[in-house]
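The next block holds one structure in the form of structure tokens; read it before the comments.
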Amino acid sequence: AKHNLFLNQNNNTRVAKLNAEDFVFAYNKTKSFQRLKDAGIGKISSYSEYNTTTTNIEDNSSNMLDFDRLHTLFVDPPRAGLDETCRDLASKFERVVYVSCNPETLARDLSELITTHKITRIAAFDQFPYTPHLEGGVVLEKRK
């Protein structure tokens, strides 16, 4: 991912490896992770689409990160789909980009997410011709 960002001259994105459960802890500010800080993911003082410089701010009262700037969640779960904790987390985001290799669990997860979001785009990808496998992509936007 870092190499791809470099090749595309993307300098306003940071990458850290964090499993779904740990991300939920970090997002809910119940646990801090050195991996996020090491990746330069920290509190942001100000941001605009034209200013790609970020500033880490030390917060003396808390060691937690501020995720208020995150508006889009990208999920690509295993065949079992999203667990309840991840579906709850996804419902909090303005936009969810969901990639799935299992149409059944995608349908299950969407049936829950459409209570808070509407489907704005959907696509199917036959990446494995002559097999029953199908990749799906869905973009969901928060209902107003």
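FYI, it's all coordinate maths here, none of it is from the lab. Everything numeric here is computed off the predicted structure, so don't read it as measured data.
Worth pointing out:
- Over 28 Å (Cα to Cα) - which of Lys2/Lys118; Lys29/Lys144; Lys17/Lys92; Lys2/Lys31; Lys17/Lys144; Lys2/Lys144 fall in this group: Lys2/Lys118; Lys17/Lys144; Lys2/Lys144
- Backbone geometry of segment 106-111 corresponds, through the Karplus equation with coefficients 6.51, -1.76 and 1.60 at θ = phi - 60°, to 3J(HN,Hα) couplings of 4, 4, 4, 5, 5, 4 Hz, x marking Gly and Pro.
- Segment 64-144: Cα Rg divided by the 2.2 N^0.38 Å rule of thumb: 1.13
- Full-stretch length increase - Lys142, Leu5 - with 0.36 nm per residue and alpha-carbon distance subtracted: 46.6 nm
- Computed 3J(HN,Hα) for segment 129-144, one whole-Hz value per residue from the Karplus formula 6.51 cos²θ - 1.76 cosθ + 1.60 where θ = phi - 60°, is x, 6, 10, x, 7, 9, 9, x, x, 9, 10, 10, 10, 4, 6, 7, glycine and proline marked x.
- Using θ = phi - 60° in the Karplus curve 6.51 cos²θ - 1.76 cosθ + 1.60, the 3J(HN,Hα) couplings for segment 115-125 round to 6, 10, 10, 10, 7, 10, 8, 8, 8, 10, 10 Hz; x is entered for Gly and Pro.
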